[in-house]
Amino acid sequence: QSRVRSILASVVKCVAAQRLLPAANERKFVAATEVLQFDESVREVVRSGSIENLGLLLRLGGQNAGHSMDTSLLRLLHAGAVEFESVFPYAADKSMFLRSIGTGEMAHG
């Protein structure tokens, strides 16, 4: 397993995920995304097998690290593209999500 983690850490450049959500006022879907750019800190986490720390790195890493699904969900919600009921179940950090909604602030990362 450590060899596979080492190989992955050395060859992967970026990981992206998307979730399609119903649009607020139309019969369409909008994509919420999450992107993790592999820098040296991400590579070290992958090599060590501490995968649970990737989310924290994404939230703390700034814009060069990519962005979290929560950030994308909040952006869509603040833009009026989606309804709260459609996105809240997919929020990873529900308390941060609720605080951001209450204050009108955007999450970082």
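Computed about its Cα centre, the charge dipole of the chain is approximately 320 debye, with only Lys, Arg, Asp and Glu carrying charge at their Cβ.
In whole percent, what relative contact order does the stretch 1-71 give with Cα contacts below 8 Å and a gap of six or more residues?
This gives 32 percent for the stretch 1-71.
Applying the Karplus relation 6.51 cos²θ - 1.76 cosθ + 1.60 with θ = phi - 60° to the stretch 12-19 yields 3J(HN,Hα) values of 6, 9, 7, 10, 10, 9, 9, 10 Hz, where x marks Gly and Pro.
Enumerate the amide H contacts of A23 below 5 Å, restricted to partners 5 or more residues apart or on another chain; note that Pro and chain-start residues carry no placed amide H. Residues meeting the criterion, in which the H sits 1.01 Å from N, are K28, F29, V30. Here the Karplus relation 6.51 cos²θ - 1.76 cosθ + 1.60, evaluated at θ = phi - 60°, turns the backbone of the stretch 26-33 into coupling constants of 9, 9, 10, 10, 10, 9, 9, 10 Hz, with x for every Gly and Pro. Length gained on full extension, Y90 to S48, computed as 0.36 nm times the residue gap minus the Cα-Cα distance: 12.4 nm. For mean projected area of the Cα convex hull in nm², the listed values are (i) 7.3; (ii) 11.1; (iii) 9.9; which was obtained by calculation from the structure presented? It is the value labelled (i). A Förster radius of 30 Å combined with the Cβ-Cβ distance from R5 to R99 puts the calculated FRET efficiency at roughly 0.30. Applying the criteria of a DSSP loop state and at most 11 other Cβ atoms within 10 Å to the GluC sites (Glu not before Pro) of the stretch 8-102 yields E26. In this rough spin-label picture, where each label sits 7 Å from Cα along the Cβ direction, the E40-L56 distance is 2.0 nm. Residue by residue, the stretch 75-91 carries 3J(HN,Hα) couplings of 4, 5, 5, 5, 7, x, 7, 9, 8, 3, 4, 7, 9, 4, x, 9, 5 Hz when phi is fed to the Karplus relation 6.51 cos²θ - 1.76 cosθ + 1.60 (θ = phi - 60°); x denotes Gly or Pro.
No value in this document is a laboratory result; all are computed from the given coordinates. Just so you know, these numbers come straight off a predicted model, no measurement behind them. Virtual Cβ from ideal backbone geometry, glycine too; neighbours counted across all protein chains shown.
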